[in-house]
Amino acid sequence: MNAASDKLLILGAGLTGLSVAQLARGGTILEREARPGGMAQSFQRDRYTFDFGGHYLHFQDSEAERFFSPFLPVLENHQRESFVLIGEELLAYPIQHSFFQRFPLQTPSLPPHPPEPERSPNLAKHLQATFGPFLWELFFKPYNTKLWKCPLETLQAGGARRWIPPPPTVVPTPAEKAGYNATFGYPKIGGIGKMAANMASGVRVLYGTPAEKIDRAKKLVITKGREFPYQKLISTIPLNALLSLSDHPFPAPSPLGVSILNIGFRGTLQRPFSWIYIPHPSIPFFRVGRYPGGDEDRHGLYFEISFREEPPPATEVLLRHARSLLSLLGAQGEVETILRLNLPEAYPTPSLTLSGKLEGLFDSLKEDSIYPAGRMGSWQYLSMADCYNEAKRSLLQAEILKV
Ligand SMILES: Cc1cc2nc3c(=O)[nH]c(=O)nc-3n(C[C@H](O)[C@H](O)[C@H](O)COP(=O)(O)OP(=O)(O)OC[C@H]3O[C@@H](n4cnc5c(N)ncnc54)[C@H](O)[C@@H]3O)c2cc1C
């Protein structure tokens, strides 16, 4: 441990909290759960390994890749085989590429000059202006409405630049090569959770120790029966939780939850797939996917549904829907095992009401030596690889790392 990190306290042992501790070569992590990994954990059930839904590794910068490489289990590289279900037909993802390859007569309906997301007044307007009325009604509107569970007019469009592949240009990219995740890595065995488990070794983590209160004036984190003083607090727990634990007056933002029905399926899938996006309003899942690897006739499948205030449907209801969807997809076989998982805080909702306000909030938390970081911690739609950049950013801000 180095001197600067002596009084560093970290909340949460997900990939961001673990990256902070690894980079700082010190600090203590308080973790609510009994094991590390947060959203990037894995679970063994019978012969199957399940994650919190699809978790695929794609490094977009070599610095993050270098940082994670000592912790990576043996990876297999995969070529994405992903689709969008339109009616009963599977069109290659991204639909904005494959649709026009498949139905070239529709090409004129693509707007010629897609706007910058940052200049669009909201997500609904941005998607309509970028992809035109036909694809908006066919896919972008029903899919995003189902995913976000709120009016798309109330969401910022800024994040769309990174996660939604732009429309094809004059020389179109083949669908299988478009977007940031055309190929991805995934552990050969043990699921995505192996990475966090490797990162946690040698790091001081107090498991089963949820922060219950934060006294900003006294610089104390209070857990059941113990107080932890800090000089610098890097918080990777959801921002809404941080604000409520520390009695901060900023109105807590509303997270989007994801509930995952994992199914161990023995049989044949008519067509192999990595994942399939489902815009249909009558099917509750926004995405179904298959965990990479596994036996020839055993498939670890995940079915993802989002939720806000209303709790997600009961497991039996989801299982019924999952069976119908599998039969629509032509799969034949039996369900061998199921594992239901819930993440009440999975996506940071990019509400328009937050526009331009988070920076002020983070400045005010910095005055109390609190540095929010990570996907829900800093309220940004981040990937696993981004957790390294977040860790580095927060340590630089806290002046534990120097440039
Ligand atoms: C459905 C889904 C699919 C995804 N797919 C991909 C993908 O394919 N590829 C990719 O790169 N990324 C993917 N991601 C994103 C990736 O999972 C996250 O970016 C990353 O895991 C976030 O790590 P984190 O440490 O910032 O947050 P978290 O993993 O949320 O860690 C926060 C930690 O804080 C702990 N905690 C919470 N409250 C308290 C408390 N009061 N006291 C102490 N500890 C507390 C939690 O238990 C948790 O361990 C996906 C995310 C979701 C939800």
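The values are calculated or read from the model by the stated rules, or taken from the named source; none is laboratory data. The shown structure was predicted, so the numbers you read here are calculated from the model rather than taken from an experiment. Every residue, glycine as well, gets a Cβ built from its backbone with ideal geometry; the counts of neighbours run over all protein chains shown.
Tally up the residues in segment 54-84 that are part of a strand (DSSP E or B), surrounded by 20 or more Cβ atoms within 10 Å (Cβ to Cβ) and of a type outside the set (S, T, N, Q), please.
Let us first name the residues in segment 54-84 that are part of a strand (DSSP E or B), namely 57, 75-79, 82-84.
Those left that are additionally surrounded by 20 or more Cβ atoms within 10 Å (Cβ to Cβ): 57, 82-84.
When the remaining residues are screened for being of a type outside the set (S, T, N, Q), the result is 57, 83-84.
Of the residues in that region, 3 qualify.
Listed residues 254, 306, 282; which is touching a residue at least 24 places away in the same chain (Cβ under 8 Å), within 25 Å of residue 85 (Cα to Cα) and of a type in the set (Gly, Ala, Ser)? Step through it out loud before you land on a result.
On the way: 254 fails: within 25 Å of residue 85 (Cα to Cα); 282 fails: touching a residue at least 24 places away in the same chain (Cβ under 8 Å).
Just a single option satisfies the conditions, and that option is 306.
Identify, please: which residue in segment 137-148 is surrounded by fewer than 18 Cβ atoms within 10 Å (Cβ to Cβ) and not β-branched (Val, Ile, Thr) and is, among those, modelled with the highest pLDDT? Filtering segment 137-148 for residues that are surrounded by fewer than 18 Cβ atoms within 10 Å (Cβ to Cβ) and not β-branched (Val, Ile, Thr), the one modelled with the highest pLDDT comes out as 142.
Listed here are the residues, each with its yes/no results for (1) surrounded by 18 or more Cβ atoms within 10 Å (Cβ to Cβ); (2) modelled with pLDDT under 95; (3) within 14 Å of the ligand (Cβ to nearest atom).
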| position | (1), (2), (3) |
| --- | --- |
| 297 | no, yes, no |
| 304 | yes, no, yes |
| 309 | no, yes, no |
| 325 | yes, no, no |
| 351 | no, no, no |
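When segment 194-224 is filtered for residues that are within 18 Å of residue 238 (Cβ to Cβ) and acidic (Asp, Glu), only 212 remains.
For segment 293-336, which positions are touching a helix residue (DSSP H, G or I) at 6+ places or on another chain (Cβ under 6 Å) and of a type outside the set (Gly, Ala, Ser)? Steps first, please.
Kept after step one, since they are touching a helix residue (DSSP H, G or I) at 6+ places or on another chain (Cβ under 6 Å), are these residues of segment 293-336: 303, 306.
303, the sole residue that qualifies.
Of all residues being out of contact with any Asp or Glu (no Cβ under 8 Å at 6 or more places or on another chain) and part of a strand (DSSP E or B) in segment 215-231, which is farthest from residue 368 (Cα to Cα)? Just the residue, please. That would be 226. Among the residues of segment 237-250, just one is within 9 Å of the ligand (Cβ to nearest atom) and either exposed (fewer than 15 other Cβ atoms within 10 Å of the Cβ) or without any contact (Cβ under 8 Å) to a residue 40 or more places away in the chain (or both), namely 245.
For segment 327-343, a residue qualifies if it is of a type outside the set (Val, Ile, Thr), crowded, with 17+ Cβ neighbours inside 10 Å, away from the ligand (no atom under 16 Å from the Cβ) and closer than 19 Å to residue 305 by Cα, and exactly one does: 329.
Only one entry in 67, 71, 59 is within 22 Å of the chain's Cα centre (by Cα), modelled with pLDDT under 95 and more than 19 Å from residue 290 (Cβ to Cβ), namely 59.
Note on segment 353-401: residues that are under 23 Å from residue 117 (Cα atoms), more than 15 Å from the ligand (Cβ to nearest atom) and among the acidic types (Asp, Glu) amount to 1.
Count of segment 192-236 residues, restricted to those that are crowded, with 18+ Cβ neighbours inside 10 Å and among the basic types (Lys, Arg), is 3. Looking across segment 91-121 at every residue that is buried (at least 20 other Cβ atoms within 10 Å of the Cβ) and modelled with pLDDT of 85 or more, the one that is farthest from residue 178 (Cα to Cα) is identified as 120. Tallying residues that are outside any loop (DSSP other than H, G, I, E, B) and modelled with pLDDT under 95 within segment 1-52 yields 3.
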